[in-house]
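*Asks:* Pasting a structure here, questions to come.
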Amino acid sequence: MDLTLLDKDRKSAWAHGLDIAHSTFHSTQSPVDQETADSFGAIQAVGSDGLDDLDPDLIVFTAAAPQPADATSADARDAELEANRSIVDSVAPALRSNRPVPVLVLSNPIDRITYRLWKQVGWSRKYFLGYSVSETARVAHRISEIQDVHPGTVYCPVMGEHGSEIVPIFSRLRIDGVATTLTDEQRSDVRRYAREIPFEIAKERGVSETSRWVTSAGVVRIIRKMMANDPSPTCLSTPLAGEYGFSDGCLSVPVVLTLDGVTDIIEWDLSADEKQRLKSAHETICTDIEVQNL
Ligand SMILES: NC(=O)c1ccc[n+]([C@@H]2O[C@H](COP(=O)([O-])OP(=O)(O)OC[C@H]3O[C@@H](n4cnc5c(N)ncnc54)[C@H](O)[C@@H]3O)[C@@H](O)[C@H]2O)c1
Ligand SMILES: O=C(O)C[C@H](O)C(=O)O
């Protein structure tokens, strides 16, 4: 797989690109034979006008304005909306001239930005995916602490907003494959942890960076899943047209993925509490879509 980093700051793309290229040496126990080495693909960097010469099969959209210096509270993602929406509007025409391919959106606030990008680019909704699975990792981490188990054994998908109105689906919680129940207090604790921990981390780390470790690992996981045609669903934010009773907006829901985007949106049976929380998350996002004219 070849990788191109496109950035208006071409030097930054070059620097990250070369660092990634160096890192590939450590993959799959390099050094390897020539045949395996060839499968690593090329890594290159281009500036803003570079899309014309590319024919990407998948776009990971991370363009964003610098984080404000006070971006350490739970509304930091929302504070990015105005600037990142302008970026979406400025790059959408170039994207539109590409053939339709899946776009994995990282730029915050992802539910609004994914929606805006979808509207501006105009391709089928099946190509637009907002990345929200860092929340799944954080939820698993907190549950593992509460239950004193390894986080890798925890399965608890997360729907809803990538923000305050996240909806961990506790009714589907499995530990080592076994259905497990948490108390109401433990559930509140898990939600609070997922809402607050990224910003507690940001306070100590500084806001000039974002949570790159969990995020890059999660992005690679999603891309691998798409390439493998893995039929098990992943919760990502995608435009809705009737699923879960929502006729518009963008919200994390379980989707089945291939390199042709979303092939199916799965409608799980949710508990009454989960349905209520999902409705509230949807209302919050739709209010923004209306008020901000997204
Ligand atoms: N969804 C998640 O879980 C998650 C996780 C981490 C970061 N994020 C979000 O992803 C975004 C990027 O974060 P980051 O740490 O990579 O930020 P960053 O500042 O390191 O990178 C953003 C890049 O976008 C480039 N850019 C700005 N406008 C552009 C344009 N018009 N065309 C091309 N490139 C442009 C900038 O030059 C910059 O290099 C932020 O909105 C952040 O909040 C989301
Ligand atoms: O960069 C961050 O910490 C915010 C991002 O939305 C995330 O959830 O990781």
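*Asks:* Please determine, by comparing only the residues of segment 144-167 that are open to solvent by less than 30 Å² (accessible area, probe 1.4 Å) and more than 14 Å from ligand 1 (Cβ to nearest atom), which one is nearest to Glu243 (Cα to Cα).
*Replies:* Among those residues, the one meeting the criterion is Met159.
*Asks:* Of everything in segment 173-219, what is part of a helix (DSSP H, G or I), more than 14 Å from ligand 2 (Cβ to nearest atom) and open to solvent by 70 Å² or more (accessible area, probe 1.4 Å)? Give them in sequence order.
*Replies:* Result: Asp184, Glu185, Arg192.
*Asks:* What are the pairs with Cβ atoms under 8 angstrom where one residue, in segment 60-72, is closer than 11 Å to Glu209 by Cα and the other, located anywhere, is away from ligand 2 (no atom under 13 Å from the Cβ)? Sequence gap at least six, or different chains.
*Replies:* Nothing qualifies.
*Asks:* With in contact with a strand residue (DSSP E or B) (Cβ under 7 Å, 6 or more places away or on another chain) and within 11 Å of ligand 1 (Cβ to nearest atom) as the only criterion, which of Val214, Val219 stands out?
*Replies:* Val219
*Asks:* Exactly one of (1) of a type in the set (Val, Ile, Thr); (2) farther than 18 Å from Pro198 by Cα; (3) within 11 Å of ligand 1 (Cβ to nearest atom) is unmet by Val32. Its number?
*Replies:* (3)
*Asks:* Could you tell me whether His141 is in the same structural domain as Asp264 (by the TED database), free of Cβ contacts under 8 Å to residues at least 60 places away in the same chain and within 16 Å of ligand 1 (Cβ to nearest atom)?
*Replies:* Spelling it out, His141 is indeed in the same structural domain as Asp264 (by the TED database), free of Cβ contacts under 8 Å to residues at least 60 places away in the same chain and within 16 Å of ligand 1 (Cβ to nearest atom).
*Asks:* Still on this structure, please answer the following. Can you work out which of the residues in segment 222-231 that are loosely packed, with under 13 Cβ neighbours inside 10 Å and either without any contact (Cβ under 8 Å) to a residue 12 or more places away in the chain or within 12 Å of ligand 1 (Cβ to nearest atom) (or both) is farthest from Asp70 (Cα to Cα)?
*Replies:* Applying the filter and picking the extreme gives Ala228.
*Asks:* Within segment 69-78, how many residues are more than 10 Å from ligand 1 (Cβ to nearest atom) and under 20 Å from Gln292 (Cα atoms)?
*Replies:* So the answer is 3.
*Asks:* Here is a further query. State all residues of segment 267-294 that are of a type in the set (A, V, I, L, M, F, W, C) and either surrounded by fewer than 13 Cβ atoms within 10 Å (Cβ to Cβ) or part of a helix (DSSP H, G or I) (or both); if no residue qualifies, say none.
*Replies:* Selection gives Ala272, Leu278, Ala281, Ile285, Cys286, Ile289, Val291.
*Asks:* Looking for whichever is within 16 Å of ligand 2 (Cβ to nearest atom), touching a residue at least 12 places away in the same chain (Cβ under 8 Å) and at negative phi here; the options are Ala76, Ala13, Ala21, Ala42. Which one fits?
*Replies:* After ruling out the rest, the residue left standing is Ala76.
*Asks:* Follow-up. Does Ser107 count as out of contact with any Ser or Thr (no Cβ under 8 Å at 6 or more places or on another chain) and either surrounded by fewer than 19 Cβ atoms within 10 Å (Cβ to Cβ) or within 23 Å of Ala15 (Cα to Cα) (or both)?
*Replies:* Considered against the rule, which asks whether it is out of contact with any Ser or Thr (no Cβ under 8 Å at 6 or more places or on another chain) and either surrounded by fewer than 19 Cβ atoms within 10 Å (Cβ to Cβ) or within 23 Å of Ala15 (Cα to Cα) (or both), Ser107 comes out as no.
*Asks:* May I pose another question? For Asp248, state whether it is in contact (Cβ under 8 Å) with a residue 12 or more places away in the chain, touching a Cys at 6+ places or on another chain (Cβ under 9 Å), open to solvent by 20 Å² or more (accessible area, probe 1.4 Å) and away from ligand 2 (no atom under 16 Å from the Cβ).
*Replies:* Yes; evaluated as a whole, the condition is true for this residue.
*Asks:* While we're here: For a quick check of your reading of the model, give me the residue pairs whose first member lies in segment 118-134 and is closer than 15 Å to Leu95 by Cα and among the charged types (D, E, K, R), whose second is open to solvent by 30 Å² or more (accessible area, probe 1.4 Å) and assigned to a loop (DSSP other than H, G, I, E, B), with beta-carbon atoms closer than 7 Å and at least 6 apart or on different chains.
*Replies:* That search, which allows pairs on different chains as well, returns Arg125/Ala241.
The values are calculated or read from the model by the stated rules, or taken from the named source; none is laboratory data. Please read these numbers as outputs of a predicted model, since none were measured by experiment. Reconstructed Cβ throughout: ideal geometry from the backbone, glycine too, with neighbour counts over all protein chains shown. For the accessible areas, the whole protein counts, side chains as well, though only heavy atoms, and no ligand, DNA or RNA atoms are used. Shrake-Rupley method; radii C 1.70, N 1.55, O 1.52, S 1.80 Å.
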